[in-house]
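Below you'll find the structure, written out as structure tokens, and then a few comments.
The values are calculated or read from the model by the stated rules, or taken from the named source; none is laboratory data. In this text, all values refer to a predicted model and were calculated from it rather than measured experimentally. Note that each Cβ is placed from the backbone with ideal geometry, even for glycine, and that neighbours are counted across all protein chains shown. Note: accessible area is taken over every heavy atom of the protein model, side chains too, but ligands, DNA and RNA are not part of it. Shrake-Rupley method; radii C 1.70, N 1.55, O 1.52, S 1.80 Å.
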Amino acid sequence: MQARARILAEIEQAGGWIPFARYMQLALHEPGSGYYASGARKFGPEGDFVTAPELGKLFGRTLARQLAAFPRILELGAGSGALAEVLLETLDCDYLILETSSELKERQRARLGSRVTFLDAMPADFRGAIVANEVADAIPVHVVSWQEGGIFERGVGPGLAWADRPAQGELLEAARAIPVPAPYVSEVGLLARAWLRHLVESLAEGAIFVIDYGFPRHEYYHPQRSSGTLMSHFRHRSHADPFARPGGEDVTAHVDFSALTRAAQDAGAEVLGYATQAQFLVNCGITEVLAESNVENALRYAPIAAQAQKLLSPAEMGELFKVLAIGRGITGPLLGFTRGNRVHTL
Ligand SMILES: C[S@@+](CC[C@H](N)C(=O)[O-])C[C@H]1O[C@@H](n2cnc3c(N)ncnc32)[C@H](O)[C@@H]1O
């Protein structure tokens with residue numbers, strides 16, 4: 001069944017309303033019909049969006065300098081397999097992937113072959129580095145509307161239209177803790193918090209690197225960001241209607257890094273660092289990686305310099321993307337946070 005029909009049927013069965021988080025789960029991840037679970041191109045110039053590993057090898061080769069400290073890497077949500085391919089070229093380590101989309105898992109298997117171990121669930125007592133690049137933004141969010149008359153959960157009604165109900169339980173509690181001026185609409189990432197707690201519980205020793213676009217809480221719920229951060233991506237164009245093409249395009253929300261930090265700390269982990277992507281990559285030595293390429297050969301150098309510009313520029317990914325590292329049993333500072341660590345802003 002197509003995603004739209006599948007979702008409309010579920011709304012009807014549920015009595016005319018489902019939470020937005022359930023809509024996002026069905027639109028993105030439902031086996032067979034969800035955006036990530038179906039055969040659309042998604043990544044790269046011919047797809048809907050370009051992630052840092054899809055730009056070229058520079059991101060992976062730089063990140064490898066941080067990951068070299070770990071004997072084992074577990075990548076979550078590996079997409080086309082581009083990052084894994086570069087890390088495997090650069091590092092000598094065990095490489096594991098946990099991917100929720102069986103369609104993408106097949107693509108990754110075809111690209112990476114037997115060098116990778118594919119997991120179906122988090123292993124117990126993992127020791128090593130866990131990397132999630134642009135995974136947290138794909139985890140379904142709840143949508144909340146703060147009104148003069150109370151706090152409402154925004155869900156989806158018949159015909160795929162927004163429909164509000166009084167917020168309840170954990171969502172109400174989380175929304176009450178966020179001081180915003182009504183009327184105000186935004187997302188609350190309850191499932192992303194649970195996801196990180198689960199990762200922390202599975203980590204015996206090592207670090208989790210969450211790399212994504214987002215903000216600390218005071219910027220996320222800034223009075224001026226009064227309609228939230230939900231965004232859909234279709235063929236390199238972004239728009240704000242999550243119901244336009246269910247199953248046919250990406251729907252994302254920015255990441256509340258303060259909420260992830262609290263969740264990790266509650267689960268017993270330490271925050272090892274938080275920095276902009278630009279600062280993190282500079283600390284890891286992106287300029288040295290650039291210098292290793294053939295500067296004399298303009299034809300080869302120009303595309304690599306263009307990657308650096310995209311990864312580092314404040315107008316591109318440099319400032320909006322952040323790197324959060326959470327850990328257990330790690331002594332000494334991590335390379336990527338030697339300067340410009342902004343943990344105090346979380
Ligand atoms: C935006 S893509 C990013 C892909 C890749 N990391 C990159 O940077 O190009 C999101 C990826 O995360 C996967 N994914 C979403 N939720 C996940 C979860 N809870 N655990 C593991 N993978 C997940 C998707 O199937 C997809 O591969």
Please determine whether any residue of the stretch 7-17 is crowded, with 18+ Cβ neighbours inside 10 Å and not in a helix (DSSP H, G or I). no
With the requirement that a residue be within 14 Å of the ligand (Cβ to nearest atom), touching an Asp or Glu at 6+ places or on another chain (Cβ under 7 Å) and more than 29 Å from residue 176 (Cα to Cα), what does the stretch 119-161 give you? 131
Across the stretch 45-54, which residue is surrounded by the fewest Cβ atoms within 10 Å (Cβ to Cβ) among those that are assigned to a loop (DSSP other than H, G, I, E, B) and within 9 Å of the ligand (Cβ to nearest atom)? 50
State all residues of the stretch 18-37 that are at pLDDT below 95, crowded, with 18+ Cβ neighbours inside 10 Å and either away from the ligand (no atom under 11 Å from the Cβ) or hydroxyl-bearing (Ser, Thr, Tyr) (or both); if no residue qualifies, say none. 30, 33, 35, 36
Taking the stretch 312-341 and the residues there that are small (Gly, Ala, Ser) and without any contact (Cβ under 8 Å) to a residue 40 or more places away in the chain, the one that is most open to solvent (accessible area, probe 1.4 Å) would be 315
Find the helices (runs of 4 or more DSSP H) located wholly in the stretch 143-262 whose residues include 3 or more that are open to solvent by less than 10 Å² (accessible area, probe 1.4 Å) and touching a strand residue (DSSP E or B) at 6+ places or on another chain (Cβ under 9 Å), and list them. 190-202
Take residue 318 and tell me if it is under 20 Å from residue 66 (Cβ atoms) and either in a helix (DSSP H, G or I) or at pLDDT 95 or above (or both). yes
Scan the stretch 74-93 and give yes if some residue there is open to solvent by less than 50 Å² (accessible area, probe 1.4 Å), more than 14 Å from the ligand (Cβ to nearest atom) and either within 18 Å of residue 29 (Cα to Cα) or not in a helix (DSSP H, G or I) (or both), otherwise no. yes
Just wondering, is there one or more residues in the stretch 280-298 that are out of contact with any Ser or Thr (no Cβ under 9 Å at 6 or more places or on another chain), outside any helix (DSSP H, G or I), of a type in the set (Gly, Ala, Ser) and at pLDDT 95 or above? no
